[in-house]
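The next block holds one structure in the form of structure tokens; read it before the comments.
The values are calculated or read from the model by the stated rules, or taken from the named source; none is laboratory data. As the structure is a computational prediction, the values presented were derived from the model and not from experiment. Methodologically, a virtual Cβ is constructed for each residue, glycine included, from the backbone with ideal geometry; neighbour enumeration extends over all protein chains shown.
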Amino acid sequence: MSDLGLAVRQVRFTNKAFWRNPANAFFTFAFPLMFLVIFTALFGNSDTCVVHGPTRCLRSVSTSTFYVSAIAAFSIITATYTNLAISVSFQRDAGILKRVRGTPLPAWGYMFGRIAHAILVAFLLVIIVGAFGAAFYSADIPSRTLPAYIITIVVGAASFSAMGLALTSVIPNADAAPAVVNATILPLLFLSDIFIPIQNPDAWYVKLAKVFPVYHFAQAMKAAYFSPAGNGFRGADLLVIAIWGVAGVVLAVLFFSWEPRR
């Protein structure tokens, strides 16, 4: 079988392994919906600006509707960056990655299988969150800007997958994986217009958040979801996300370890 055929089979195998772990699959899909319900219950009665102009807000929506887009972005980050970094660290310490290297499956084929599956799960999560928001919060489903929404999801999911794999190079062991991953992502989720809407775009914490890709991903997702005009693309934000993704690929190639750390 060709290397490409082996890579496609790896996608199927990763998908089967995911669904054969019901607890992992359940919480992967339950957590975003749980956060959506909690945040909309806490902050859902006011309006928040979702498209900022140079001097004024260009579009406001109810906070409950805002969280549909925000939690969709969170879902993608969880399905890619968080899940990949933690699961690959556990597989590395269990010796599974070392055994994979002894098979005919090429290294790129294994990575392709993991990343492709993560992107598929991310898409499924976005569909579920969008359907949930439309059913319970009367949130609009992006139609005019759907191409921008899909491309933003693909760029974000691929980039955060690469960053998740790169992060495994600094995770010392599987037990430390959840702590390291959450320490690198949770603060940014609060600062980057995902868990808490940004009220002052000029605040110091927003300037700090702009250094990292989570903020730009949140802005690109909001533009593709709520843009009052245009095609919904945020080229500058997508470029920043892609640069971080490329950096993740380079670091993963240079420092990714297939053997347990001692």
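Quick one: which of 208, 251, 165 is part of a helix (DSSP H, G or I), modelled with pLDDT of 90 or more, in contact with a Leu (Cβ under 9 Å, 6 or more places away or on another chain) and surrounded by fewer than 15 Cβ atoms within 10 Å (Cβ to Cβ)?
208
Annotation: residue 200 fulfils all but one of (1) surrounded by fewer than 13 Cβ atoms within 10 Å (Cβ to Cβ); (2) assigned to a helix (DSSP H, G or I); (3) not basic (Lys, Arg); the unmet one is (2). Looking at residue 122, is it among the small types (Gly, Ala, Ser), part of a helix (DSSP H, G or I) and crowded, with 23+ Cβ neighbours inside 10 Å? Yes; evaluated as a whole, the condition is true for this residue. For segment 82-91, the criterion of being outside any helix (DSSP H, G or I) and within 22 Å of residue 151 (Cβ to Cβ) is satisfied by no residue at all.
Whenever a residue of segment 4-21 is without any contact (Cβ under 8 Å) to a residue 40 or more places away in the chain, its partners that are hydrophobic (A, V, I, L, M, F, W, C) and assigned to a helix (DSSP H, G or I), lying with C-beta atoms within less than 8 angstrom and at least six residues away or across chains, give the pairs 19/25. Close Cβ contacts (under 6 Å, 6 or more residues apart or on different chains) running from residues in segment 122-151 that are within 15 Å of residue 233 (Cβ to Cβ) to residues that are assigned to a loop (DSSP other than H, G, I, E, B) and small (Gly, Ala, Ser) comprise 145/227; 145/232; 148/232.
Across segment 92-105, which residue is modelled with the highest pLDDT among those that are surrounded by fewer than 22 Cβ atoms within 10 Å (Cβ to Cβ) and part of a helix (DSSP H, G or I)?
Just the residues of segment 92-105 that are surrounded by fewer than 22 Cβ atoms within 10 Å (Cβ to Cβ), to begin with: 93-105.
If we keep only those that are part of a helix (DSSP H, G or I) as well, we get 93, 96-100.
Details: 93: 90, 96: 86, 97: 86, 98: 87, 99: 87, 100: 83.
Per the criteria, the residue is 93.
The residue that is modelled with the lowest pLDDT, among those in segment 115-156 that are aromatic (Phe, Trp, Tyr) and in contact with a helix residue (DSSP H, G or I) (Cβ under 7 Å, 6 or more places away or on another chain), is 137.
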